[in-house]
């Protein structure tokens, strides 16, 4: 990618898409097309085709598609699955037909089987059942992975796949119910602090573990992969963040927010996957490292929440890229 290359971030209004646009600008890329609010409706094939026809797009970062937390996945599985399938099919096909030089599809770590060996290596994909609470969404993201591989085999398309860890950041949707764990807990603990509540209830046992990665670190990793990674048949895990239990995560958020009450875990509610940690050794061996610590990223995310710039939600479903 040259600094003047025509680049499109599909899903520029998502958590990851916004971070990608910031990182591209920070690194000096100047020819970015389709930035919000000028992005087409990616669920509409006619709009997507017209957009690609007008713009001579060379590089595509596909970071679009609705996502949700455990509750949102339980309530809206068809909505989430259909939206992601439409987005993948329209953007990947248009990138092929209109001659994009390279595409990076950002999938989701929930595509891994629920009980696969940890840390999760790409060799474990499709080797067992997915976590039931997000199966519909995960199958849609798996379809996107397979579609990129299929275009590469049939048409020699230079389409690669990155599988991010659990992402959080300053453009998150801080909804107390239905969102992902970190923004949801920030919103709930902040409200509890203001209201002086003595306890905050959290779903699950608190024992489930997740690898968290700051969205801006993922954006840096995605640009690195776009420049350096060439294997169209093997997805690349994009991780390297910290592996924490939900209890440890909640305690860290409690400290950042300044909430002084107690955390109560509702063991009758689901935990989701018991552990999600990526084997990102291929990426790390290539020379990439995250540049922001978890605690620093958490503080920056809370500051964004306090500014209220991104505090929006749609019934627990939002245009975030990844789980």
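Points worth noting:
- Among residues of segment 30-58 that are at positive phi, those with a Cβ under 6 angstrom from a residue that is surrounded by 13 or more Cβ atoms within 10 Å (Cβ to Cβ) and outside any helix (DSSP H, G or I), sequence gap 6+ or separate chain, pair up as 34/8.
- Within segment 259-283, if we keep just the residues that are in contact with a helix residue (DSSP H, G or I) (Cβ under 8 Å, 6 or more places away or on another chain) and assigned to a strand (DSSP E or B), the residue that is surrounded by the fewest Cβ atoms within 10 Å (Cβ to Cβ) turns out to be 265.
- Among the candidates 242, 309, 228, residue that is closer than 28 Å to residue 145 by Cβ and either surrounded by 21 or more Cβ atoms within 10 Å (Cβ to Cβ) or at pLDDT below 95 (or both): 242
- Residues of segment 172-203 that are farther than 29 Å from residue 28 by Cβ, part of a loop (DSSP other than H, G, I, E, B) and within 22 Å of the chain's Cα centre (by Cα): 173, 174, 175, 176, 177, 178, 179, 180.
- Condition met for residue 58 (more than 20 Å from the chain's Cα centre (by Cα) and at pLDDT below 95): no
- Selected residue (criterion: farthest from the chain's Cα centre (by Cα)) from residues of segment 36-55 that are closer than 18 Å to residue 13 by Cα and surrounded by fewer than 16 Cβ atoms within 10 Å (Cβ to Cβ): 47
- Test: residue in segment 249-258 that is crowded, with 22+ Cβ neighbours inside 10 Å, at pLDDT 95 or above and under 20 Å from residue 119 (Cβ atoms): yes
- Some residue of segment 98-105 being within 19 Å of the chain's Cα centre (by Cα) and farther than 30 Å from residue 131 by Cα: no
- So residue 21, is it surrounded by 15 or more Cβ atoms within 10 Å (Cβ to Cβ), within 18 Å of residue 87 (Cβ to Cβ), at pLDDT 95 or above and out of contact with any helix residue (DSSP H, G or I) (no Cβ under 7 Å at 6 or more places or on another chain): yes
- Residues within segment 267-281 that are modelled with pLDDT under 95 and farther than 26 Å from residue 300 by Cα, tallied: 8
- Scanning segment 221-244 for residues that are farther than 13 Å from residue 106 by Cβ and in a loop (DSSP other than H, G, I, E, B) returns 230, 231, 232, 233, 234, 240, 241.
- Among the residues of segment 131-150, those that are modelled with pLDDT of 95 or more and closer than 11 Å to residue 110 by Cβ comprise 135, 136, 137, 138, 139, 140, 141, 142.
- Among (1) modelled with pLDDT under 95; (2) at negative phi; (3) touching a helix residue (DSSP H, G or I) at 6+ places or on another chain (Cβ under 7 Å) - the single one residue 190 does not satisfy: (1)
- Taken together, the residues in segment 118-154 that are touching a strand residue (DSSP E or B) at 6+ places or on another chain (Cβ under 6 Å) and part of a helix (DSSP H, G or I) amount to 5.
- In summary, strands (runs of 3 or more DSSP E) completely within segment 1-117 and bearing 3 or more residues that are more than 25 Å from residue 210 (Cα to Cα) occur at 7-10.
- Number of the condition not met by residue 139 [criteria: (1) under 23 Å from residue 270 (Cα atoms); (2) touching a helix residue (DSSP H, G or I) at 6+ places or on another chain (Cβ under 6 Å); (3) surrounded by fewer than 23 Cβ atoms within 10 Å (Cβ to Cβ); (4) in contact (Cβ under 8 Å) with a residue 24 or more places away in the chain]: (2)
The values are calculated or read from the model by the stated rules, or taken from the named source; none is laboratory data. Note that the structure is predicted; figures quoted are calculated from it, not measured. No Cβ is skipped: glycine too gets one built from the backbone with ideal geometry, and neighbour counts run over all protein chains shown.
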